[in-house]
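The structure under discussion appears below in the form of structure tokens.
The values are calculated or read from the model by the stated rules, or taken from the named source; none is laboratory data. Keep in mind the model is a prediction, meaning the values are calculated, not measured. Every residue, glycine among them, receives a Cβ derived from its backbone with ideal geometry; neighbour counts consider all protein chains shown. Ligands, DNA and RNA are stripped out before the accessible areas are found, and what is left, the full protein with its side chains, is counted by its heavy atoms. Shrake-Rupley method; radii C 1.70, N 1.55, O 1.52, S 1.80 Å.
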Amino acid sequence: MDFLDAMLNKGPKEKFIEIIQNGNLGALERTFENFFAEYIAMVELLEKQGLSEKDVQNFILEEGELIAQRQNDLFIELGAKILGHEG
């Protein structure tokens, strides 16, 4: 089984972990800098809207299935961005 076959037989999280383990350092830095900037902006916007960390945690507990699905989407998106920066 070659690398491509191995990647196709894994879930989004496992593929993402392999990408970051084997990814180009520059591509990883750019992708994570952008991701953290977006995350910080979202936290700041939530706080300006009067939502707290507790509100976020409650949402995570209440919407666990949605969160799990969106995590998989995020693993795929970030993996694609890392690979896109490498090419």
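Below are the figures for this structure:
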| read-out | value |
| --- | --- |
| Filtered residues of the stretch 25-50 (kept if assigned to a loop (DSSP other than H, G, I, E, B) and open to solvent by 80 Å² or more (accessible area, probe 1.4 Å)) | GLN49 |
| First in the stretch 25-37 and within 11 Å of LYS81 (Cβ to Cβ), second anywhere and aromatic (Phe, Trp, Tyr), Cβ under 7 Å, 6 or more apart | none |
| Qualifying positions in the stretch 60-87 - over 18 Å from GLU18 (Cβ atoms) and out of contact with any helix residue (DSSP H, G or I) (no Cβ under 8 Å at 6 or more places or on another chain) | LEU61, GLU62, GLU63, GLY64, GLU65, LEU66, ALA68, GLN69, ARG70 |
| Given (1) of a type outside the set (A, V, I, L, M); (2) more than 17 Å from the chain's Cα centre (by Cα); (3) at pLDDT below 95, index of the condition ASN22 fails | (2) |
| Residue tally, condition among the polar types (S, T, N, Q), open to solvent by 80 Å² or more (accessible area, probe 1.4 Å) and in contact (Cβ under 8 Å) with a residue 24 or more places away in the chain, over the stretch 60-81 | 1 |
